[in-house]
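The values are calculated or read from the model by the stated rules, or taken from the named source; none is laboratory data. Worth saying up front: this structure is predicted, and the values here are computed from it rather than measured. Positions of Cβ are generated from backbone atoms using ideal geometry, with glycine treated the same way; all protein chains shown enter the neighbour counts. Surface accessibility is based on the protein's heavy atoms, side chains included, excluding ligands, DNA and RNA. Shrake-Rupley method; radii C 1.70, N 1.55, O 1.52, S 1.80 Å.
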Amino acid sequence: MLPPDNHVHSQWSWDAPAGSMEDTCLRALELGLPSVAFTEHADLTPWTHKPDEEVPDAWRPLLAEGVLTPPPLDLDGYRECLASCRERHPELRILSGIELSEPHWHTARAETLLGMGPFERVLASIHSAPAADGSGFTEVSRQYIDQQPDKVVRAYLSETMRLIEQFAAFDVLAHIDYPVRSWPADARPYDPDDFEDEYRDVLRCLATADKVLEVNTRVPLHRQVLAWWHEEGGQAITFASDAHDPGALARGFRDAARMAEASGFRPGPDPHAFWGRS
Ligand SMILES: [Zn+2]
Ligand SMILES: [Zn+2]
């Protein structure tokens, strides 16, 4: 059996126009997934866009004076939809969730949101970084425009470290290797070994905080990072397609599960639970 998909977006995430909670549930049943968690975006950091920068048409209404402010999560609509999916598909375990972006920069707002829960899966993530020219923040992929790739990855990992140190109210660290998704094609190939110390620092800190590491399959997490997680004392992992449309649900999970088993992790007796150490 495939592991649960604990990081999925539906139409309730502002950047998932092709998302569908209902169709994702149907796809989960088709795949025989034990459970699926709808962890919608709470993107709390606005992004500064340069005047000449390309912006998807659907995002234009969110832009004002060069700043894109992600809309707030419609929690009432989300919860209503979740309840009706649960009613229609009692044979599937459908978990509630939220993906908090840079919660350590927005502690009060993050805590208010969590207070409006409960959420069964709380993911913490970094999607933003300070703009190189000091004018606000940008999405991480835009950091490569002005900076060397190594610097972007190192800055990402140190910000992740600060998140873990400064904000405790989450279960799972999402996509530790997020900048790799947009690693420039004309740079030398990404190699996690170049960042071993930085990865290990974050993983040790995460293990000490007793959190869960996500094996995100969008760009499959490198097996070396998972091996370091095991060596640094990491106790649990979770699998994440980070799907923004139903077709991407549980993508790459068979390979990811095989890699996790080879790295010293295994499913427990409860098919809905995180994987632990073998
Ligand atoms: Zn994310
Ligand atoms: Zn996500």
Do the conditions hold for LEU221, that is, is it modelled with pLDDT of 95 or more and within 15 Å of ligand 2 (Cβ to nearest atom)?
-> yes
In the stretch 233-249, is there at least one residue being of a type outside the set (S, T, N, Q), open to solvent by 30 Å² or more (accessible area, probe 1.4 Å) and more than 25 Å from GLN143 (Cα to Cα)?
-> yes
Take the residues of the stretch 192-218 that are under 20 Å from ALA124 (Cα atoms) and touching a Lys or Arg at 6+ places or on another chain (Cβ under 8 Å): which is farthest from ligand 2 (Cβ to nearest atom)?
-> GLU198
Residues of the stretch 35-55 being assigned to a loop (DSSP other than H, G, I, E, B), touching a residue at least 40 places away in the same chain (Cβ under 8 Å) and either open to solvent by less than 10 Å² (accessible area, probe 1.4 Å) or among the β-branched types (Val, Ile, Thr) (or both), which ones?
-> THR45
For the subset of the stretch 5-34 comprising residues that are open to solvent by less than 20 Å² (accessible area, probe 1.4 Å) and of a type in the set (S, T, N, Q), which member is farthest from ARG142 (Cα to Cα)?
-> THR24
Inspect all residues belonging to the stretch 241-253 and state whether any of them is over 30 Å from SER10 (Cβ atoms) and at pLDDT 95 or above.
-> no
Just give me the residues in the stretch 196-232 being open to solvent by less than 10 Å² (accessible area, probe 1.4 Å) and among the hydroxyl-bearing types (Ser, Thr, Tyr), in sequence order.
-> TYR199
Consider GLY66 against the criteria (1) buried (at least 19 other Cβ atoms within 10 Å of the Cβ); (2) more than 19 Å from the chain's Cα centre (by Cα); (3) at positive phi: it satisfies all of them except one. Which criterion is unmet?
-> (1)
Failed item in (1) under 20 Å from LEU100 (Cα atoms); (2) over 17 Å from the mean Cα position of the chain (by Cα); (3) charged (D, E, K, R), with ARG218 passing the rest | (2)
Residue among ILE145, ILE94 that is closer than 30 Å to SER20 by Cβ and either of a type outside the set (Lys, Arg) or buried (at least 18 other Cβ atoms within 10 Å of the Cβ) (or both) | ILE94
Of ASP76, ASP23, which residue is farther than 27 Å from GLY252 by Cα, at pLDDT 95 or above and not in a loop (DSSP other than H, G, I, E, B)?
-> ASP76
Considering only residues of the stretch 151-189 that are open to solvent by less than 50 Å² (accessible area, probe 1.4 Å), in a loop (DSSP other than H, G, I, E, B) and over 30 Å from GLY117 (Cα atoms), which is nearest to ligand 1 (Cβ to nearest atom)?
-> TRP183
Can you spot a residue in the stretch 102-125 that is within 14 Å of ligand 2 (Cβ to nearest atom), acidic (Asp, Glu), open to solvent by 10 Å² or more (accessible area, probe 1.4 Å) and on the phi < 0 side of the Ramachandran plot?
-> no
From (1) touching a residue at least 12 places away in the same chain (Cβ under 8 Å); (2) part of a helix (DSSP H, G or I), pick out the condition that doesn't hold for ALA83.
-> (1)
Are any of the residues in the stretch 1-19 under 18 Å from the mean Cα position of the chain (by Cα), within 16 Å of ligand 1 (Cβ to nearest atom), among the hydrophobic types (A, V, I, L, M, F, W, C) and in a strand (DSSP E or B)?
-> yes
For the stretch 131-150, which residues satisfy the criterion of being away from ligand 2 (no atom under 16 Å from the Cβ) and assigned to a helix (DSSP H, G or I)?
-> ARG142, GLN143, TYR144, ILE145, ASP146, PRO149, ASP150
